[in-house]
Amino acid sequence: MRTLFVLAVVAVAAYVGYPYLTMYWLDRALLTDDQKSLEQLVDFPRVRADLKADVNAQVLGKAQEIKEKRPILGTFGQALTELFAPDMVDSAVDGMVTPEAILNNPTVVEHRKEDESFADFVTYAFFAAPTRFTFDLKDPEKLDSPTVTAVMALDGFRWRVVGVDLPPLGALLSKVP
């Protein structure tokens, strides 16, 4: 009976600790320029599809807001947005959400040169559901930087990043120099 209890405690501890270990592996993959590990830890096609849907919805929603404020000009702008934005967003996401692009991101390269962990970017990390784990990321050097939430899901017997929840586009664009 005692052995069964110990096994249960070990199993629960392993289950609870595994997503944090996955976050550590992500950090190490970024710092060691390990593309293969990054591809195993991140479901890039799923993340790209999720981001495309989110960004397109935000862009089209913003166009709708402008249309309501300025009916004539807004209608023209909304039509152009609906025509061109989805392809532009898809191309941008396809180019930026790849293992190569992430590993060559200036912030990642800078941290790699200094062998400085990304742990200070994490502001929150915990289970959202039994098979979903989220962690919030924020630039620690810029107090007004927006928070980006990464979503991991239990995929078989491993945790993988399957989505990224961006803040509203206005929050992101207002921080661009």
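Summary of computed values
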item: Approximate spin-label separation ARG132-LEU4, in nm, with each point projected 7 Å along Cα-to-Cβ; result: 3.4 nm
item: For the chain, alpha-carbon Rg over 2.2 N^0.38 Å; result: 1.25
item: Amide proton proximity set for SER117, modelled H, under 5 Å, gap of 5+; result: none
item: Fluctuation leader among ALA119, ALA13, ALA128 - the chain, Gaussian network, Cα springs under 10 angstrom; result: ALA13
item: Excluding exposed DSSP-loop GluC sites (Glu not before Pro) (at most 12 other C-beta within 10 Å), longest clean stretch of the chain; result: 1-115
item: Label point distance in nm, LYS36-ALA101, each placed 7 Å from Cα along Cα→Cβ; result: 2.5 nm
item: In the chain, lysine pairs with alpha-carbon atoms under 19 angstrom apart (chain gap of 8 or more, or interchain); result: 4
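FYI, it's all coordinate maths here, none of it is from the lab. Everything quoted here is computed from the prediction, not taken from an experiment. No Cβ is skipped: glycine too gets one built from the backbone with ideal geometry, and neighbour counts run over all protein chains shown.
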